[in-house]
Amino acid sequence: MVSNEVNQYIEKIIPARSEQVLKIEQYAKLHNVPIMELTGMETLLSYVRLKKPKRILEVGTAIGYSAIRMALACQTAEIISIERDEERYNIAKENVESFHLENRITLLFGDANELQKQVENYAPYDFIFIDAAKGQYQNFFDHYSSMLSPDGIIVTDNVLFRGYVAEESGLESRRLRSLVKKIRSFNEYIMQHPDYQSSILPVGDGMMVSIRNS
Ligand SMILES: C[S@@+](CC[C@H](N)C(=O)[O-])C[C@H]1O[C@@H](n2cnc3c(N)ncnc32)[C@H](O)[C@@H]1O
């Protein structure tokens, strides 16, 4: 991962966001809502702009920040986004409405492990963004990768988990060790997957970009 100094430098020269976008960033900071780090967000948006997906599936809405930013970056994209926390889901709804994006962003309330049928109604997706519980990435991939179109892209956030995945020892709690083990196993699985060409970018909390072979 890049050093704090380099990260701060990049953040400093990222173009200013609108007042309305800044308001969501500030809310997230104030209320400890884990939204994407700025450098990771900008990288994700570059892939969205390049790919120009017709339909995006997002696993992990939180308060709608990344869904809104993707919708603003690609005016033709439709986004289906899943969130299981009711309070966050309701705030996401308000935020989406405040941007008048409710016709392009559909929010689904529930656990992404149980919503395959509903999500399938909108398939196929040419872009899937996984940004929910890190210990369940393999499940999310198993549930939804079959809904990806040929040539589609899956971006998975937090795959370096603050650098812990590279640590040989020193992971103190058993819970942390177990989580790191799951992320490592997911990373190795995807990197070796015969149907995808994948790379890990050390931006934000680590981002895996997987392009499906057509
Ligand atoms: C890192 S936040 C998402 C941030 C959002 N993508 C952004 O950058 O604006 C992860 C969210 O995923 C939700 N989540 C975690 N596991 C989930 C699951 N199994 N199904 C649905 N949502 C889940 C959490 O409640 C949390 O709000």
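Each residue of the range 29-36 is assigned a 3J(HN,Hα), and the resulting list reads 4, 5, 10, 6, 8, x, 9, 4 Hz, derived from the Karplus form 6.51 cos²θ - 1.76 cosθ + 1.60 (θ = phi - 60°), x at Gly and Pro. Ranked by the mean number of other Cβ atoms within 10 Å per residue, highest first, peptides 204-210, 139-145 order as 204-210, 139-145.
For ARG162 and ASP85, the difference between the fully extended length at 0.36 nm per residue and the C-alpha to C-alpha distance is 25.4 nm. Put simply, when 28-36, 107-115 are sorted by average Cβ atoms within 10 angstrom per residue, most first, you get 107-115, 28-36.
A simple charge model with +1 on the Cβ of Lys and Arg, -1 on the Cβ of Asp and Glu and nothing else charged puts the dipole of the chain at about 200 debye relative to its Cα centre. The label point for ILE13 and the one for LEU176, both projected 7 Å from the Cα toward the Cβ, are 3.4 nm apart. Couplings 3J(HN,Hα) of the range 45-60, computed from phi: 5, 4, 5, 5, 5, 5, 6, 6, x, 7, 9, 10, 9, 10, 9, x Hz, in residue order, whole Hz [Karplus 6.51 cos²θ - 1.76 cosθ + 1.60, θ = phi - 60°; x for Gly and Pro].
Each label point was placed 7 Å from the Cα along the Cα-to-Cβ direction; for SER169 and LYS23 their separation is 5.2 nm. Using only the Cα atoms of the chain, each taken as one equal point scatterer with no solvent, compute I(q) by the Debye sum, divide by I(0), and report log10 of the ratio at q = 0.13, 0.16 Å⁻¹. Taking Cα atoms of the chain as identical point scatterers yields -0.73, -1.14.
Of all beta bridges that DSSP places with both ends in the chain, some 35 percent have antiparallel geometry.
Would you mind checking the pairs LYS23/LYS93; LYS54/LYS117; LYS93/LYS117 and listing those with alpha carbons more than 23 angstrom apart? Over 23 Å apart, Cα to Cα: no pair at all.
Phi angles across the range 87-95 convert, under the Karplus curve 6.51 cos²θ - 1.76 cosθ + 1.60 with θ = phi - 60°, into 3J(HN,Hα) values of 5, 5, 4, 5, 5, 4, 4, 4, 5 Hz, Gly and Pro given as x. Considering only LEU50, THR39, ILE183, the residue lying farthest towards the positive end of the dipole of the chain is LEU50, judged by Cα position with unit charges set on Cβ. Between the C-alpha center of the range 53-132 and that of the range 3-21 there is a gap of 24 Å. When the Cα positions of ILE63, ASN113, GLY163 are compared along the charge dipole of the chain, GLY163 comes out farthest toward the positive end, with charges on each C-beta of Lys, Arg, Asp and Glu. The fraction of all Cα pairs in the range 56-104 landing in successive 5 Å bins from 0 to the largest distance is 5, 25, 36, 25, 8, 2, given as whole percents.
Any read-out appearing in this document is the output of simple, stated calculations on the displayed coordinates, not a laboratory observation. Being a predicted model, the structure only gives us computed values, none of them experimental. Every residue, glycine among them, receives a Cβ derived from its backbone with ideal geometry; neighbour counts consider all protein chains shown.
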